[in-house]
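The values are calculated or read from the model by the stated rules, or taken from the named source; none is laboratory data. What you see is a predicted model; the values in this text were computed from it and never measured. Cβ placement follows ideal geometry from the backbone for every residue including glycine, while neighbour counts extend to all protein chains displayed.
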C-alpha cells in the first residue's frame, strides 16, 4: 500500500517524466497485488489462500493491456496492416539493445510473420485468458509470454514487458507451475494450500474490489470500442482501472539530437565542438547499444521524443542547455561524459542526425551510420537574451 501511494505521488507530479503508459499500469497492478495477499501476514506461504476473484482481475488486466495495444495498431499506422511494421521498429524504437540490429536485418518474411504473431497475441489470445479449460488458458498464456520475451530481447522498453508478465502468470494454474518450479518450493506450497483457510474479511474485500473495478471499467471498455481510441489513459483520479496501448504509430526513420559545446568565442564550424554523450540512447556510432531495461533512463527517452519534433514543443531542452552552460552537476550525472571538466562551455548547440544501423560487417566496426540533417537548436550562451526570456517565461530559475 505504501509503495502504491508513493508511486502514485510520483506519477501525479512527474509531468513529462512520468507520463508513460506503464506508470499507470504499474499502479493498477499494484492495487491488485495489495488484495492478493493477507494484510498482516508477511510469510511466503500465509495461512490464507489467494482470493480467486483477484486472479480473475489480473486476467481482466492483461486482456485490456493486450487488446488495447492490438486495436490501436490496427486503427493507427498502416504498417501494422500491410505487415511492414517490424521492417522499421527495431531500428527506430526508443532505445535499441545489442540484439536490435540482428532483428532489424532479418528478412522481410520473418518481419511479416512477427507482425502476424503480434496481432494474434494481442487480438486473439487475450480472449482465451478467461476460458475455464486449463490447457487452453495455458496456451494463451504462452502466446502472450512469448511476445513479451521477444520484446525484451529485441530492445529496451523500460519495465513495460517485465510488468506485463505479472498478470500473464494468472493464466497458468498450479499444475503447470508445479512442473516448472523447484520441488522443495512446490512441496511447501502444497502443504500451505492444504492448511490454508479463507478469511471472510479478505473475501469481502476481494469482491468489493471486483465491484469497484466493474464500475470503473466502463470508461476503458468504451474507449476500446471507440473509433478514436486513445492510448494509456486513466479515467479515475487514482488510476485504478485504465486503458492501454503501445506503438500505434511506428517511425520510418530514426532522428537523434546530439548536444555539443565549445569554448570558442565564435560558435562557427571552426569552433572545436565537443559532443555530450547520453549513456543509453544512440550517440557515438561505434558504441554498442546497451541492455538497460527494466531500468528506464527517462532523459534518454525524452530526447527520443524531442527528436521527432521541434524545440518549441519540448521547452525543457532549453533548461537542459542552461544547465550544461553552467556545468550543473545534477544534469551532468544523467550524461555519460563531461566534455568540459575544468569550466563550462561558452556555447551549447544541438544538431539533428539521421541514424541507421550499420551492417554487422562494417569495416570500422560501427553499430550506426549517421547523416547530419542540420541544427535543432542554434548555439546558445549563458547570456543569450532569447534563452533567458524563455527560461523566465516557464518560471525556471536563472542565476
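Here are the numbers for the structure shown:
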quantity	calculated
Candidates 213, 269, 221, filtered to the one that is over 24 Å from residue 89 (Cβ atoms) and crowded, with 17+ Cβ neighbours inside 10 Å	213
Residue among 86, 99, 106 that alone is surrounded by fewer than 20 Cβ atoms within 10 Å (Cβ to Cβ) and within 19 Å of the chain's Cα centre (by Cα)	99
Pick from region 153-162, criterion crowded, with 20+ Cβ neighbours inside 10 Å and assigned to a helix (DSSP H, G or I), ranking: nearest to the chain's Cα centre (by Cα)	160
Matching option when the condition is under 22 Å from the mean Cα position of the chain (by Cα), over 26 Å from residue 100 (Cβ atoms) and free of Cβ contacts under 8 Å to residues at least 12 places away in the same chain, among 328, 313	313
Members of region 234-253 found to be without any contact (Cβ under 8 Å) to a residue 40 or more places away in the chain and either in contact with a helix residue (DSSP H, G or I) (Cβ under 7 Å, 6 or more places away or on another chain) or crowded, with 18+ Cβ neighbours inside 10 Å (or both), listed by number	235, 236
Sole exception among (1) more than 30 Å from residue 361 (Cβ to Cβ); (2) surrounded by fewer than 16 Cβ atoms within 10 Å (Cβ to Cβ) for residue 121, by number	(2)
Test for residue 18: is it within 16 Å of residue 162 (Cβ to Cβ) and either free of Cβ contacts under 8 Å to residues at least 24 places away in the same chain or surrounded by fewer than 19 Cβ atoms within 10 Å (Cβ to Cβ) (or both)	no
Selected residue (only one of 116, 99, 123, 86 is without any contact (Cβ under 8 Å) to a residue 40 or more places away in the chain and touching a helix residue (DSSP H, G or I) at 6+ places or on another chain (Cβ under 7 Å))	86
Some residue of region 312-325 being surrounded by fewer than 13 Cβ atoms within 10 Å (Cβ to Cβ) and in contact with a helix residue (DSSP H, G or I) (Cβ under 9 Å, 6 or more places away or on another chain)	yes
Residues that are assigned to a helix (DSSP H, G or I) and without any contact (Cβ under 8 Å) to a residue 40 or more places away in the chain, drawn from region 170-190	174, 177, 178, 179, 180, 183, 184, 185, 186, 187, 190
Check on residue 24, in contact (Cβ under 8 Å) with a residue 40 or more places away in the chain, over 20 Å from the mean Cα position of the chain (by Cα) and crowded, with 20+ Cβ neighbours inside 10 Å	no
Among (1) outside the structural domain of residue 160 (by TED's automatic domain parsing); (2) assigned to a loop (DSSP other than H, G, I, E, B); (3) in contact (Cβ under 8 Å) with a residue 40 or more places away in the chain - the single one residue 227 does not satisfy	(1)
Subset of region 192-220 (residues that are in contact (Cβ under 8 Å) with a residue 60 or more places away in the chain and in a helix (DSSP H, G or I))	192, 193, 195, 202, 203, 205, 206, 207, 209, 210, 213, 220
Leading residue by the ranking (surrounded by the most Cβ atoms within 10 Å (Cβ to Cβ)) among those in region 348-373 that are in a loop (DSSP other than H, G, I, E, B) and in contact (Cβ under 8 Å) with a residue 12 or more places away in the chain	367
Criterion violated by residue 390 - all others in (1) in contact with a helix residue (DSSP H, G or I) (Cβ under 6 Å, 6 or more places away or on another chain); (2) at pLDDT 95 or above satisfied	(2)
